[in-house]
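Encoded as structure tokens, the structure appears first; notes follow it.
The values are calculated or read from the model by the stated rules, or taken from the named source; none is laboratory data. Model, not experiment: these values are computed from the prediction. All Cβ positions, glycine included, derive from the backbone under ideal geometry; neighbour counts span all protein chains shown.
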Amino acid sequence: MAFVKKLSTGCRRPRLVGVTPHDGPYGGPQASPDDGAAGGSVDHQAAALFAFLDDLEQQAEGLYAAERAPELADRSRAEYQHVTLAGRLMASVGRDVALSVTGVGSVAGHLERVSASWCRVSGPRTEWMVALAHVSSVAGVSDRAVPEVAWSPLTKLGLGSVLRGLADAGERCVIRGSDGSMRDGVVRRVGQDFLELEELPGRTVLVAFSGLAAIQSDSR
């Protein structure tokens, strides 16, 4: 018993050197109730900074777009100068259009087919093959255009191919000239730049492609 008493009276609680009453259990600074509020303040400042930087970035993008707008407009105009009348009509196939044709007047109907040099317009009783070289204006077209690289190979067929089809069919038609002339007959043969039109048996006239504004026939 005396031994146990001696041990109990001889023990001393160990003292941690360098540890103050405000230190944590491992020697570090003890957390203060104000530390959480300070951390929230830092997060708020960071969020405000990021919002400010985002706003600056959006302003810079807006200024860049405003500076490039004239350049883009000039580029668009430069590219549009390569768009052809046939390209605009190509995008309008299937629409009802009205063409103003030199020597003929107004040709209105359903735009069925377009080639590089002619188009076909069908009405209730009449079908027209119109040479684009003599079209002065078109109404009812689409706002779009089809570039030539996207055209079907069949669209490269010229007016001569259409006339040869008429000659093979042997059907009567009316040749409308850009000078206002009208010739009724049957296309018999087609040359490189002209056609032979048989107006009456034994009476044939030659019509140059350059003066041919449109071909009028009965709608099929």
| query | Residues Val97, Val114, Val121: which one is touching a Phe, Trp or Tyr at 6+ places or on another chain (Cβ under 6 Å), surrounded by 13 or more Cβ atoms within 10 Å (Cβ to Cβ) and more than 16 Å from Ser178 (Cβ to Cβ)? | reply | Val121
| Top-ranked residue of the stretch 75-94 - restricted to ones that are of a type outside the set (A, V, I, L, M) and at pLDDT 90 or above, ranked as nearest to Gly140 (Cα to Cα) | Ser92
| query | Considering the stretch 117-161 alone, what residues qualify as being touching a Gly at 6+ places or on another chain (Cβ under 6 Å) and without any contact (Cβ under 8 Å) to a residue 60 or more places away in the chain? | reply | Ser117, Val121, Val146
| message | Pairs needed: first member in the stretch 193-220, free of Cβ contacts under 8 Å to residues at least 12 places away in the same chain; second member anywhere, surrounded by fewer than 16 Cβ atoms within 10 Å (Cβ to Cβ); C-beta distance under 7 Å; at least 6 residues apart or different chains. | response | Glu196/Arg188; Glu196/Arg189; Glu196/Thr204; Glu196/Leu206
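Table: residues versus (1) part of a loop (DSSP other than H, G, I, E, B); (2) of a type in the set (Gly, Ala, Ser); (3) surrounded by fewer than 16 Cβ atoms within 10 Å (Cβ to Cβ).
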residue	(1), (2), (3)
Gly160	no, yes, no
Asp168	no, no, yes
Ile175	no, no, no
Arg188	no, no, yes
